[in-house]
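See structure below.
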Amino acid sequence: PTVTSPCKILKCNSEFWAATSGSHHLGTEEAPEFCTALRAYAHCTRRTARTCRGDLAYHSAVHGIDDLMVQHNCSKDGPTSQPRLRTLPPGDSQERSDSPEICHYEKSFHKHSAAPNYTHCGLFGDPHLRTFTDTFQTCKVQGAWPLIDNNYLNVQVTNTPVLPGSTATATSKLTIIFKSFQECVDQKVYQAEMDELPAAFADGSKNGGDKHGANSLKITEKVSGQHIEIQAKYIGTTIVVRQVGRYLTFAVRMPEEVVNAVEDRDSQGLYLCLRGCPLNQQIDFQTIRSAQATEGRARRKGPSLPAPPEAFTYETATAKCREKLPVEDLYFQSCVFDLLTTGDVNFMLAAYYAFEDVKMLHSNKDKLHLYERTRDLAPGNTAPPGTPPTLWVALLCLSQCWLCLL
């Protein structure tokens, strides 16, 4: 079913942005107009408060309004009509390319030390999760879940059922909050939903705002409505968001130092990219896949799913996935699993693009392919370099046989 969010916070953000573009150039005599627009913004957020409960972008906007009210000495009482203010003049920060050194991670953090160690996390398909430690999991995680949460940014995903009555879910909404950082960037919110992949932040801007290092945070549209890339140079981070079919995929490249930058170590385990999905949310899709390969359906005892659509058999799903994913690794197996459980060929494309993003973002080219499920293994445990994939497939089949006997 199509998911339509009743929360209209993006509309409030864009209206305020349109009304106050260029407001940092206003003289003191025009400050009342900014306060008028700010009150209108606050009024808009109050109207949508009930439907936006739990929305990160909404709570970000509410806190931002309070801060701006104090900074500009605005009264909460007064007119709320939104005047159209002057637009940004040529050569402003939207086009400025010079940035202080502090806004370039590699130059500022590691000028006299070794290059940073980059890590990767990705979420795609049913959904399948590859964590910063190269653990690969298939999860249910229906509803809203934190994907990343550190001192620099928050990422939250919302997963909804693909088919009524099925445990198969996919990502229908993504919210990214880049926190304000020194002289580099203002706080920025990016939000994407099904059939809506914006090429700008929620306020309509495409960079980090009005600070001197604004261009250390930029959005680039690669394919309209299908593929955007966010470069956050001030934290050495690259984020790729795609819409494949009706659902979203997420991939990130981030330095370990940024990954582990948290004030509260106890809360560090609460987000998926670092610790993975809770055990009660994980699906052992390879056991299901083995049963489907043997009998065509998951009819035997053990893990099971609702009857998959008739569009694909195990043989046709395997052949379809092999068109884009010739190596029978976990991305290939995820593809087969998703086609059997959803019948939607776009999930094959999601697995393909997820692996393309791994090739672009992962710093260790020896760890691109994963051949063994990692739910019960130590983080980062993969097929050793040089081990033939056929051997690991054979060992995997043998392990599944033992599972069946047990």
- Identify all residues within region 46-80 that are of a type in the set (A, V, I, L, M) and at pLDDT 80 or above; write none if there are none. Ala49, Ala61, Val62, Ile65, Leu68, Met69, Val70
- Answer residue from region 329-363, given it is more than 21 Å from Thr133 (Cα to Cα) and not in a helix (DSSP H, G or I) and is least open to solvent (accessible area, probe 1.4 Å) among those: Gly343
- Could you figure out which of (1) at pLDDT 65 or above; (2) surrounded by 15 or more Cβ atoms within 10 Å (Cβ to Cβ); (3) within 28 Å of Ala192 (Cβ to Cβ); (4) among the charged types (D, E, K, R) isn't true of Glu33? (3)
- Task: Give the residue, chosen from Met360, Met348, that is touching a Cys at 6+ places or on another chain (Cβ under 7 Å) and either of a type outside the set (Ser, Thr, Tyr) or at pLDDT below 90 (or both).
- Result: Met348
- Query: Does Gly213 satisfy the condition of being buried (at least 23 other Cβ atoms within 10 Å of the Cβ) and at pLDDT below 95?
  - Reply: yes
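Here is a yes/no grid of residues against (1) more than 30 Å from Lys233 (Cβ to Cβ); (2) out of contact with any strand residue (DSSP E or B) (no Cβ under 6 Å at 6 or more places or on another chain); (3) of a type in the set (Val, Ile, Thr); (4) crowded, with 21+ Cβ neighbours inside 10 Å:
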position	(1), (2), (3), (4)
Thr135	no, yes, yes, yes
Gln142	yes, no, no, no
Ile148	no, no, yes, yes
Leu153	no, no, no, yes
Thr160	yes, no, yes, no
- Task: Scan region 178-201 for residues that are touching an Asp or Glu at 6+ places or on another chain (Cβ under 7 Å) and either assigned to a strand (DSSP E or B) or closer than 19 Å to Val244 by Cα (or both) and jot them down.
- Result: Ala199
- Lone qualifier among Ala192, Ala168 - being modelled with pLDDT under 90, surrounded by 20 or more Cβ atoms within 10 Å (Cβ to Cβ) and either of a type in the set (Phe, Trp, Tyr) or in contact with a strand residue (DSSP E or B) (Cβ under 9 Å, 6 or more places away or on another chain) (or both): Ala168
- Scan region 202-209 and give yes if some residue there is modelled with pLDDT under 95, part of a helix (DSSP H, G or I) and either closer than 15 Å to Ile148 by Cβ or open to solvent by 30 Å² or more (accessible area, probe 1.4 Å) (or both), otherwise no. no
- Give the residue, chosen from Thr220, Thr175, that is open to solvent by 20 Å² or more (accessible area, probe 1.4 Å) and in a strand (DSSP E or B). Thr220
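The values are calculated or read from the model by the stated rules, or taken from the named source; none is laboratory data. Treat the numbers as computed from the prediction; the structure is a model and nothing was measured. So basically every Cβ, Gly included, is an ideal-geometry build from the backbone, and we count neighbours across all protein chains shown. Quick note on the areas: whole protein, heavy atoms, side chains included, nothing else; ligands and nucleic acids left out. Shrake-Rupley method; radii C 1.70, N 1.55, O 1.52, S 1.80 Å.
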